[in-house]
Amino acid sequence: IAADEAYRRADGLIREIDRLLRERQANELLQVWPAPVNPTNWPEAAVGISDTLLRFWDEIAEGWNTPKSRAEFQSNLPMILLLIAVWVGLTIYARRWIERFADRLQAGGSESRRHLLSLLASLGQVVVPVLGMWALSVAILQSRLLGPVTLQVAMALPFLGFTLFVAIWLGRRAFPTVQGDHVALPLPPERRAEGRFLASMMGLVLVAEALRDVSMTPQAYSDAVTSIATFPILVAGGLLLWRTGQVMRQVQREGDGQSYQLTLLRLVARALSIIGPLGPLVASVGYVAAGSAMIFPAIITLGLMTLLLILQRALSDIWSMISPAPDGEDREGLVPVLVGFALTVLSLPIVALIWGARLNDLTELWTGFREGFQMGETRISPTDFLLFAVVFAIGYMVTRLFQGALRSSILPRTSMDKGGQTALVSGMGYVGIFLSALIAINATGIDLSGLAIVAGALSVGIGFGLQNIVSNFVS
């Protein structure tokens, strides 16, 4: 009793803390900042932005005027030049070579092997340039001429490069220069080129916002400076999202049928067409935090959805290589679809975190999910579902193996005719599946006694309705 009481008190305190944190988050999103379109706020913002730019020069100049720092720079100059050469080679020349090599492998995109090899080769477009950005960061740090702000920017260069090159890679995979069969986004070449450009620009928008945050937030500028410095980035992001929605609507006209992917693309296109103009509009009247909470998460979510599409196609290619169709053509299997659905479900917590959910909220939801729900006197949890699926799958496999043994080894040695053999094999399949379900239910501990009355009432009506079918089956 004391433990239950302590648990209830702790749970009440946690819920109160969660409520206060949600209220603070909502108040921050609805906070009205100085309107960035108001000209009276521009002089203060101009002073803050120019002060940030001058701070870069002042910190480097101060480091150069320090004899110790200048001596270390001159001592490290050969290493700095070598790292800069590595940065140029890996970021520009090596990336272009990998890009051409991946496009060459993707020619004849209907073939799963070439498409998968192209995907693996294209990963170098992210790994190699990021290594180049790391070399540039190390070169700048080795100069020993940095101050507090320039040091933070130099340390952030690998992350900024990773963001930009991932956006470029996603754009090239979603809108390839060489388009094969069964693509997720069927588009003409000019629209694909525009899609690649939009993806690269959205990566630049994220880089610009991260660079603004790293260089200006530590200096604690006023809300007017932050509002006006953020607003152009929000406008650019909103325009890119709106235009991306228009391109995705073009996918609907190019695609045929009403598949699930086209329906999802239609919903995403509508959402982008709304969020794109709405974010800058809300920010223009002072709700800069709310506008930022719409534009930047929308860009990141769009990149996550594109990554899921790429993984889904890669799983289909792997399945086609493992289990090829008899005619040698690619085919869509159930296994990659189920795995893709599982990846989508697993990405939902990431989407929630992107849009502002707290990690504690997700852990509480997971704890409640693991506890399951009450059915009569039985509590059913996800582990019960997993145990049910495993036991039923084993029973189903045993049933199929027994049917195969009957069909191929036992019944052919009897004098039973073909029709009787087929009927017996089918009957054993029904009995085996029914027994597998019962054993799985009993293994999970589900009490079916409460359903006995309902099953008895239903059996009367089912018996009258299916008497002809049952008589034909017995015949």
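The values are calculated or read from the model by the stated rules, or taken from the named source; none is laboratory data. Since we're looking at a predicted model, the values are computed, not measured. Neighbour counts are summed over all protein chains in view; Cβ atoms, including those assigned to glycine, are modelled from backbone coordinates with ideal geometry. All accessible areas refer to the heavy atoms of the entire protein, side chains included, with ligands and DNA or RNA removed. Shrake-Rupley method; radii C 1.70, N 1.55, O 1.52, S 1.80 Å.
Those residues that are open to solvent by 70 Å² or more (accessible area, probe 1.4 Å) and either free of Cβ contacts under 8 Å to residues at least 40 places away in the same chain or farther than 30 Å from Leu119 by Cα (or both), I need them from the range 73-100; list them, please.
Keep residues of the range 73-100 that are open to solvent by 70 Å² or more (accessible area, probe 1.4 Å), which gives 74-75, 78-79, 81-82, 87, 93, 96-97, 100.
Answer for the range 73-100, where residues must be open to solvent by 70 Å² or more (accessible area, probe 1.4 Å) and either free of Cβ contacts under 8 Å to residues at least 40 places away in the same chain or farther than 30 Å from Leu119 by Cα (or both): Gln74, Ser75, Pro78, Met79, Leu81, Leu82, Tyr93, Arg96, Trp97, Arg100.
Any idea which of Thr163, Thr217 is open to solvent by 20 Å² or more (accessible area, probe 1.4 Å) and under 24 Å from the mean Cα position of the chain (by Cα)?
On the way: Thr217 fails: under 24 Å from the mean Cα position of the chain (by Cα).
Result of the check over Thr163, Thr217: Thr163.
Do we find that Ile60 is open to solvent by less than 90 Å² (accessible area, probe 1.4 Å) and of a type in the set (A, V, I, L, M) in this structure? Spell out how you get there, then give the answer.
Values: open to solvent by less than 90 Å² (accessible area, probe 1.4 Å): yes; of a type in the set (A, V, I, L, M): yes.
Spelling it out, Ile60 is indeed open to solvent by less than 90 Å² (accessible area, probe 1.4 Å) and of a type in the set (A, V, I, L, M).
Give me a count of the residues in the range 143-156 that are aliphatic (A, V, I, L, M) and open to solvent by 30 Å² or more (accessible area, probe 1.4 Å). Break it down into steps so the answer makes sense when it comes.
Taking the range 143-156 first, the residues aliphatic (A, V, I, L, M) are 145-146, 149, 151, 153-156.
From what is left, the residues that are open to solvent by 30 Å² or more (accessible area, probe 1.4 Å) are 146, 151, 155.
Selection size over the range 143-156: 3.
Would you check if there is a residue in the range 141-148 being assigned to a helix (DSSP H, G or I) and within 29 Å of the chain's Cα centre (by Cα)?
First, the residues of the range 141-148 that are assigned to a helix (DSSP H, G or I): 141-142, 148.
Filter once more, so that each one left must be within 29 Å of the chain's Cα centre (by Cα): none.
No, that holds for no residue.
Filter the range 263-277 down to residues that are open to solvent by less than 40 Å² (accessible area, probe 1.4 Å) and closer than 17 Å to Gly195 by Cα and give me whichever is modelled with the lowest pLDDT. Please lay out each step first, then the result.
To start, the set of residues in the range 263-277 that are open to solvent by less than 40 Å² (accessible area, probe 1.4 Å) comprises 265, 268-269, 272-273, 275-276.
Subset that is closer than 17 Å to Gly195 by Cα: 265, 268-269, 272-273, 276.
Numbers: Leu265: 79, Val268: 87, Ala269: 87, Leu272: 91, Ser273: 90, Gly276: 92.
Applying the filter and picking the extreme gives Leu265.
Going by the structure shown, is Leu187 crowded, with 18+ Cβ neighbours inside 10 Å and at pLDDT below 90? Give the steps one after another, and end with the answer.
On the way: crowded, with 18+ Cβ neighbours inside 10 Å: yes; at pLDDT below 90: yes.
Yes; evaluated as a whole, the condition is true for this residue.
Counting just the residues of the range 319-360 that are over 22 Å from the mean Cα position of the chain (by Cα) and modelled with pLDDT of 70 or more, which one comes out surrounded by the most Cβ atoms within 10 Å (Cβ to Cβ)?
Among those that are over 22 Å from the mean Cα position of the chain (by Cα) and modelled with pLDDT of 70 or more, it is Ser320.
List pairs: first residue in the range 284-296 and β-branched (Val, Ile, Thr), second residue open to solvent by 20 Å² or more (accessible area, probe 1.4 Å) anywhere in the structure, Cβ distance under 6 angstrom, at least six positions apart or on different chains.
What qualifies is Val285/Ala35; Val288/Trp33.
Within the bounds of the range 11-26, is there any residue that is touching a residue at least 40 places away in the same chain (Cβ under 8 Å) and either within 14 Å of Ser227 (Cβ to Cβ) or among the polar types (S, T, N, Q) (or both)?
Taking every residue of the range 11-26 in turn, at least one turns out to be touching a residue at least 40 places away in the same chain (Cβ under 8 Å) and either within 14 Å of Ser227 (Cβ to Cβ) or among the polar types (S, T, N, Q) (or both).
Output the qualifying pairs, or none if there are none: Cβ atoms under 7 angstrom, residues six or more apart or on different chains, first residue in the range 417-433 and in contact (Cβ under 8 Å) with a residue 24 or more places away in the chain, second residue of a type in the set (Phe, Trp, Tyr).
Met428/Phe402; Gly432/Phe402; Ile433/Tyr396
Is one or more of the residues making up the range 195-204 under 22 Å from Val149 (Cα atoms), open to solvent by 10 Å² or more (accessible area, probe 1.4 Å) and either assigned to a helix (DSSP H, G or I) or of a type outside the set (Val, Ile, Thr) (or both)? Full working, then the answer.
Just the residues of the range 195-204 that are under 22 Å from Val149 (Cα atoms), to begin with: 204.
Within this subset, residues satisfying the condition of being open to solvent by 10 Å² or more (accessible area, probe 1.4 Å) are 204.
Subset that is either assigned to a helix (DSSP H, G or I) or of a type outside the set (Val, Ile, Thr) (or both): 204.
Scanning the range 195-204 turns up at least one residue that is under 22 Å from Val149 (Cα atoms), open to solvent by 10 Å² or more (accessible area, probe 1.4 Å) and either assigned to a helix (DSSP H, G or I) or of a type outside the set (Val, Ile, Thr) (or both).
Pairs only if they're at least six apart or on different chains, beta carbon under 8 angstrom, first in the range 145-168 and without any contact (Cβ under 8 Å) to a residue 24 or more places away in the chain, second open to solvent by 20 Å² or more (accessible area, probe 1.4 Å) and in a helix (DSSP H, G or I); list them, first residue then second.
Here the result reads Leu151/Leu141; Ala154/Ile140; Ala154/Leu141; Met155/Leu141, each pair linking the range 145-168 to a residue that is open to solvent by 20 Å² or more (accessible area, probe 1.4 Å) and in a helix (DSSP H, G or I).
Read through the list (1) modelled with pLDDT of 75 or more; (2) closer than 26 Å to Trp319 by Cα; (3) of a type in the set (Val, Ile, Thr), then give the number of the only condition that Thr363 fails.
Among (1) modelled with pLDDT of 75 or more; (2) closer than 26 Å to Trp319 by Cα; (3) of a type in the set (Val, Ile, Thr), Thr363 violates only (2).
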